[in-house]
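The values are calculated or read from the model by the stated rules, or taken from the named source; none is laboratory data. All of these numbers come straight from a predicted model, not from anything done at the bench. Every residue, glycine as well, gets a Cβ built from its backbone with ideal geometry; the counts of neighbours run over all protein chains shown.
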């Protein structure tokens, strides 16, 4: 039988029995609507989150470690003990820069030892007094040390109000600048030795220093007293992450250093991706350490990790491969976050789409009943077609195509309803966020302009195949029954 004949028969059935077709395809429509809507919304949200995270400068940072055994992962399943790492020094940093073209900036990370590099600023110019007060509140390295009783609590409280602690950013300079460039004043290049970047609004620093505007701080000098600093290890030293001591306290008499404020950030850290916003070059810390101990040199300074800044987030995989080939471990916090977020939304999509799949499975019974009724109603038509030479295969295909048509209609109406629902939800969200200043500010900070569901071609094609398969299976039994009709018996009964 020619395809044109099949088409004419199906068209006539659709026109004369359109109500039955719509009702029979209702279950398929609901199932497709649920699957397409939940998947498109979930994929859209995931895409928005991924874009937001990747747009952050910190997404381009890669933390670099060296394991004693040369392995390139943090954990050894079943090993039963924490891995040992090797401290990295200046020579290691130079080698990494030379071997990995993806890294455009690199520096030791001083923030890994719980608290990072801290200095104390005395707003009255007396650094020693601030240090002596702060050491009572920031803790001692000796766990057995007993805090000294405060002789004059009110006076101490008054003095503490004149002191402020600065914790410096662990970001590579390029990362900090890109994340804060919209609120950046002054020099845009990395500060040199004895130069510093300060955050105007962080802990109300500008106000405490007596400045009304951020630009007033540019070019001014400031004296800082190094109080606590991360542990430094001689390059090549082996250590266990589980047994790290907290921080080193600088006890030497000469701890104060003077800095010129070359850049000011008119902002504060408002998100978990921002971190601290004050910055100094690591050379300043090394210089202070050498002042305290003239026998030290740069090659004596090793750190637990170094942080590299990549050309782009897309080069992360390439960089990790290069590092692994050189027996170094590359790790990205945001990559781990994205992996977790992706797994969460994948699971959520499966669960929500499962309800749509249940609706489609339930529709099988309805389609079987509708097709069985259609076979009973059209026995005369079946007999005439067979009398005119139609084969069993031809009759079978007529009813199979009819059941598949139910699936196509259910898919079409389900997709249209899902697209309308998804765009409507996105419109409401975008309208609400545009009228909410706080939302607008937070979304802008994450480079999110608007939310849109993702109606991918593979999703629509996959749902079409699913709908066709479900309805084809549903129509098999009625189609086989129709094909086995005896034309003589059918025409005699009519």
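Some points to look at:
- Failed item in (1) under 24 Å from residue 467 (Cβ atoms); (2) surrounded by fewer than 19 Cβ atoms within 10 Å (Cβ to Cβ), with residue 379 passing the rest: (1)
- Meets criteria (in the same structural domain as residue 451 (by TED's automatic domain parsing) and within 23 Å of residue 22 (Cβ to Cβ)) for residue 378: yes
- Residues of the range 382-420 that are surrounded by fewer than 14 Cβ atoms within 10 Å (Cβ to Cβ) and touching a helix residue (DSSP H, G or I) at 6+ places or on another chain (Cβ under 9 Å): 387, 391, 392, 393.
- For the range 198-210, filtered to residues that are crowded, with 16+ Cβ neighbours inside 10 Å and assigned to a loop (DSSP other than H, G, I, E, B), the residue that is farthest from the chain's Cα centre (by Cα) is 209.
- When we screen 235, 191 for residues that are in contact with a helix residue (DSSP H, G or I) (Cβ under 9 Å, 6 or more places away or on another chain), closer than 30 Å to residue 68 by Cβ and either modelled with pLDDT of 70 or more or in a strand (DSSP E or B) (or both), the only hit is 235.
- Subset tally (residues that are surrounded by 18 or more Cβ atoms within 10 Å (Cβ to Cβ) and under 11 Å from the mean Cα position of the chain (by Cα)) for the range 336-364: 1
- Residue match in the range 368-376 (condition: over 26 Å from residue 30 (Cβ atoms) and assigned to a helix (DSSP H, G or I)): yes
- From 460, 464, 423, residue being modelled with pLDDT of 90 or more and surrounded by fewer than 16 Cβ atoms within 10 Å (Cβ to Cβ): 423
- The one condition in (1) at pLDDT 85 or above; (2) out of contact with any helix residue (DSSP H, G or I) (no Cβ under 8 Å at 6 or more places or on another chain) that residue 287 fails to fulfil: (1)
- Qualifying residue in the range 82-91 (condition: assigned to a strand (DSSP E or B), modelled with pLDDT of 75 or more, in contact with a helix residue (DSSP H, G or I) (Cβ under 7 Å, 6 or more places away or on another chain) and in the same structural domain as residue 171 (by TED's automatic domain parsing)): yes
- Look at the range 329-352: where a residue is in contact (Cβ under 8 Å) with a residue 60 or more places away in the chain and a partner is exposed (fewer than 12 other Cβ atoms within 10 Å of the Cβ), sitting 6+ places away or on another chain with Cβ atoms under 7 Å, you get 329/73.
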